[in-house]
Amino acid sequence: MKYALIILAVLAVPAFIGFVFLAIRKVHPGKAGISVGLGGLRVAFDYMLRIPVLQSFEEMDISVKKLEIHRKGKDGLVCKDNIRADITVAFYIRVDANEECVRKVAQMLGAERVSDMEKLRELFEAKFSEALKTAGKQMEFHELFTERIKFRDQIQATIGKDLDGFL
């Protein structure tokens, strides 16, 4: 009986340590941990304890991404004075680093698609292009290049604050 307990302890301790290594997941900087399964969707920013078979774990990239919109030629930006301007604007987007926004984005897009720039382009390009057209139509051609802050503010006002969990 005494030897059986010793053997059981010798086998149980490594099994427990192995389970802990499988259950604890470190979340890297610039990412959020998403666990789905038993207990629903959970979000963490430092580490996450999960049950390996019952819960899946993914990391969502919440770092800043650069999305450039090019308006050139016949697709150029038409100004208030009806002059067409060739313009390239860079938008910097990221998922807001709070649990509610990460949860919203994870349910809407999934953790893997947030890292894919083509998926983000599909999601935001129409909204950003429309904001560029609206802001450009309120300014004359020379104002686009001399009053960039005013142009930026008009674009931000057109887009608004609700970007589905993105900033």
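Taking square-rooted eigenvalues a ≥ b ≥ c of the alpha carbon gyration tensor, is the range 15-158 rounded, prolate or oblate, where a/c under 1.5 means rounded and, failing that, a/b exceeding b/c means prolate? Judged from the Cα gyration tensor, the range 15-158 comes out prolate (a/c at least 1.5, a/b above b/c).
For the chain, the solvent-accessible area with a 1.4 angstrom probe is 63 square angstrom per residue.
The candidates ASP116, ASP86, arranged from most to least accessible area with a 1.4 Å probe in the full protein assembly, appear as ASP86, ASP116. Heavy-atom accessible area with a 1.4 Å probe sorts ILE51, ILE69, largest first, into ILE51, ILE69. The apolar share of the surface of the range 1-84, taken as the fraction of accessible area on carbon and sulfur atoms (1.4 Å probe, ligands and nucleic acids excluded), comes to 69 percent. Only DSSP H runs of four or more residues enter the estimate; each adds -39500 (n - 2.57), and after division by the residues of the chain the mean residue ellipticity at 222 nm equals -14000 deg cm²/dmol. Across the range 1-138, the relative contact order, built from alpha-carbon pairs under 8 Å that are at least six residues apart, equals 20 percent.
In terms of accessible area, using a 1.4 Å probe and ignoring ligands and nucleic acids, GLU59, GLU100 rank largest first as GLU100, GLU59. Measuring with a 1.4 angstrom probe and ignoring ligands and nucleic acids, ILE83 comes out at about 70 Å² accessible.
Taking other residues whose beta carbon is less than 9 angstrom from the beta carbon of SER63, and scoring Lys, Arg as +1 and Asp, Glu as -1, yields +2. Fully extending the segment from ILE17 to ASP46 would add 8.4 nm, taking 0.36 nm per residue of separation and subtracting the current Cα-Cα distance. The heavy atoms of PHE91 offer some 30 square angstrom of accessible surface to a 1.4 angstrom probe.
When only the Cβ of Lys, Arg, Asp and Glu is charged (+1, +1, -1, -1), the dipole of the range 1-140 relative to its Cα centre reaches about 100 debye. The portion of the accessible surface of the range 105-144 made up by carbon and sulfur, rounded to a whole percent, is 47 (1.4 Å probe; DNA, RNA and ligands excluded).
The values are calculated or read from the model by the stated rules, or taken from the named source; none is laboratory data. Source: prediction; values computed, not measured. Positions of Cβ are generated from backbone atoms using ideal geometry, with glycine treated the same way; all protein chains shown enter the neighbour counts. The protein model used for the area step is the full one, side chains on, heavy atoms only, and it has no ligands, DNA or RNA in it. Shrake-Rupley method; radii C 1.70, N 1.55, O 1.52, S 1.80 Å.
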